[in-house]
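J.: Before we start, here is the structure in question, set down as structure tokens.
The values are calculated or read from the model by the stated rules, or taken from the named source; none is laboratory data. Small disclaimer: the values here were computed from a predicted structure and weren't measured. Reconstructed Cβ throughout: ideal geometry from the backbone, glycine too, with neighbour counts over all protein chains shown. Just so you know, the surface numbers come from the protein's heavy atoms only, side chains and all, with ligands and any DNA or RNA stripped out. Shrake-Rupley method; radii C 1.70, N 1.55, O 1.52, S 1.80 Å.
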Amino acid sequence: MAPSCSPVNSLHVAVIGAGAAGLVAARELRRESHSVVVFDRGTEVGGLWVYTPQSEPDPLSLDPNRTVVHSSVYDSLRTNLPRECMGYSDFPFVSRPEHDESRDPRRYPNHREVLAYLQDFAREFKLVEMVRFETEVVLVEQDGRKWKIRSKSSDGVTRDEIFDSVVVCNGHYTEPRVAEVPGIDLWPGKQLHSHNYRVPDPFKDQVVVVIGNFASGSDISRDITGVAKEVHIAARSQPSETYEKLPGADNLWLHPMIERAHKDGSIVFKNGKVIQADTIVHCTGYIYHFPFLNTNGYITVEDNCVGPLYKHVFPPALAPGLSFVGLPWMTLLFTMFELQSKWVAAVLSGRVTLPSEEKMMEDTNALYAKRDANGFPKRYTHRLGASQAEYLNWIADQIGEPPVEQWRNQELEGGYVRLATQPDTFRDKWDDDHLIVEAYEDFLRQKLISVIPSQILG
């Protein structure tokens, strides 16, 4: 529904998480005249982009009582998409002249550059003053028409507070999903999830099996090849006869999924190949996890489908008091965080209205029916992929914002194609320089930068 002319309500809003989603949510809520408190258990802004060499004591992160490390970033990680398409709409992720030499100007920069960008963003819009660091949210539940948040500070002090609304931005790269491998309980080797991978050194001279061949699987397998004896990728998406030596290293092979693990240390793939392996690395993704959230069973997570949620954001029976920013994937993430945040902020102020609970439920059920009819598993509910531009532009239309720039969508699409077809070189070789120029011309036209760097114009 089109936005009305002026804000109606100024609410007291809690935001859970000070990562890329939580920061822009806080900014948009404050722009809409809400008062905002951001809770974050870390010591600085950035969420998962805050690198730590520490990993969890349980290498598979299955122990519910383990000490949780929030970040899943490994030391060599670089972005999967070009920086121009990654930034927020009015604060482009460009290399700026005032940046010092420690910054990474590459088109696909390292994780430290992304963190520095988020710190720049927080500084530019004075967001840090809204954040309560080293404060973990342990309970969120309704209290009449409002919401109670129970938080615990690093010194163990527990505090209950009442808010008009809660926006959940806690990320979904902390609670690992682990592959089910027949016979794994008797297999004597080591296992870990990519959440706990940091550097390749522990794999020196080992035979390593990496399960998963998307972004982290492709990255980590190539990272390990420099020190390991052999690296074998097991990919569920590959046909059962697959057996391929991959470019970029002389000790890297691609297989279909594992058929079985045996107690003698051997691993049998579905192509019939057998190896003696030392370690299995599960690059198998994550599950959505909201241990603090009590909705009396209304919101569930089943096979990684969080629901029911209208447009992946609002639970129909609890909207607009409770909302989620950042659940979908395979999209322009920072752009999505920003648009979802603008929508939530405008709905809370009364400037934009939601459909009735019944209409929202009807739309949500239609999404699930379409997913099922297309043969997609539940765990793909929040995967946007080919529908991402339509989704983002739908939200933009709700709040009176222009559609997402074409160059941004084209960079995303081309970036994913290169990631899939040239995984060993996609970050340093590309064929879309014209889109880089178009992006910078756009930034200049909006006065977001003062000059286009000479190296961009070539």
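J.: Modelled with pLDDT of 95 or more, small (Gly, Ala, Ser) and either open to solvent by 10 Å² or more (accessible area, probe 1.4 Å) or under 26 Å from the mean Cα position of the chain (by Cα) (or both): is that true of Ala319 in this structure? Quick ask: steps written out before the conclusion?
T.: Values: modelled with pLDDT of 95 or more: yes; small (Gly, Ala, Ser): yes; either open to solvent by 10 Å² or more (accessible area, probe 1.4 Å) or under 26 Å from the mean Cα position of the chain (by Cα) (or both): yes.
The answer is yes for Ala319.
J.: Hey, among the residues in region 273-300 that are within 25 Å of Asn213 (Cβ to Cβ) and among the hydrophobic types (A, V, I, L, M, F, W, C), which one's nearest to the chain's Cα centre (by Cα)? Write out each step before concluding.
T.: The initial filter retains those residues of region 273-300 that are within 25 Å of Asn213 (Cβ to Cβ), namely 273-289.
Cutting the leftovers down to among the hydrophobic types (A, V, I, L, M, F, W, C) gives us 274-275, 277, 280-281, 283, 287.
Details: Val274: 35, Ile275: 34, Ala277: 31, Ile280: 24, Val281: 20, Cys283: 15, Ile287: 11 Å.
Looking at the filtered set, the residue picked out is Ile287.
Each row is one residue, and each column tells you yes or no for (1) of a type in the set (D, E, K, R); (2) open to solvent by 50 Å² or more (accessible area, probe 1.4 Å).
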| residue | (1), (2) |
| --- | --- |
| Leu254 | no, no |
| Asp278 | yes, yes |
| Val301 | no, yes |
| His312 | no, no |
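J.: Follow-up. Would you mention how many residues in region 213-227 are modelled with pLDDT of 95 or more, surrounded by fewer than 24 Cβ atoms within 10 Å (Cβ to Cβ) and small (Gly, Ala, Ser)?
T.: Residues flagged as modelled with pLDDT of 95 or more, surrounded by fewer than 24 Cβ atoms within 10 Å (Cβ to Cβ) and small (Gly, Ala, Ser) within region 213-227 amount to 1.
J.: Of these, Thr284, Thr331, which one is under 23 Å from Ser216 (Cα atoms), open to solvent by 20 Å² or more (accessible area, probe 1.4 Å), touching a residue at least 60 places away in the same chain (Cβ under 8 Å) and outside any helix (DSSP H, G or I)? Reasoning before the result, please.
T.: On the way: Thr331 fails: open to solvent by 20 Å² or more (accessible area, probe 1.4 Å).
Answer to the selection: Thr284.
J.: Quick check on this structure: which one of Val347, Val404 is outside any helix (DSSP H, G or I) and among the β-branched types (Val, Ile, Thr)? So that I can check it myself, show each step before the final result.
T.: Working: Val347 fails: outside any helix (DSSP H, G or I).
The match here is Val404.
J.: Out of Asp100, Asp120, Asp155, Asp104, I need the residue that is part of a loop (DSSP other than H, G, I, E, B), open to solvent by less than 40 Å² (accessible area, probe 1.4 Å) and either without any contact (Cβ under 8 Å) to a residue 40 or more places away in the chain or charged (D, E, K, R) (or both). Which one? Working first, answer last.
T.: Numbers: Asp100 fails: open to solvent by less than 40 Å² (accessible area, probe 1.4 Å); Asp120 fails: part of a loop (DSSP other than H, G, I, E, B); Asp155 fails: open to solvent by less than 40 Å² (accessible area, probe 1.4 Å).
The conditions single out Asp104.
J.: Continuing with this model, one more query. Determine whether Leu348 is surrounded by 14 or more Cβ atoms within 10 Å (Cβ to Cβ) and in contact with a His (Cβ under 8 Å, 6 or more places away or on another chain).
T.: When the stated conditions are applied, Leu348 passes them.
J.: May I pose another question? Which condition number does Ser89 fail, the rest of (1) open to solvent by 10 Å² or more (accessible area, probe 1.4 Å); (2) among the small types (Gly, Ala, Ser); (3) out of contact with any His (no Cβ under 7 Å at 6 or more places or on another chain); (4) within 18 Å of Leu348 (Cβ to Cβ) being met?
T.: All conditions are met except number (4).
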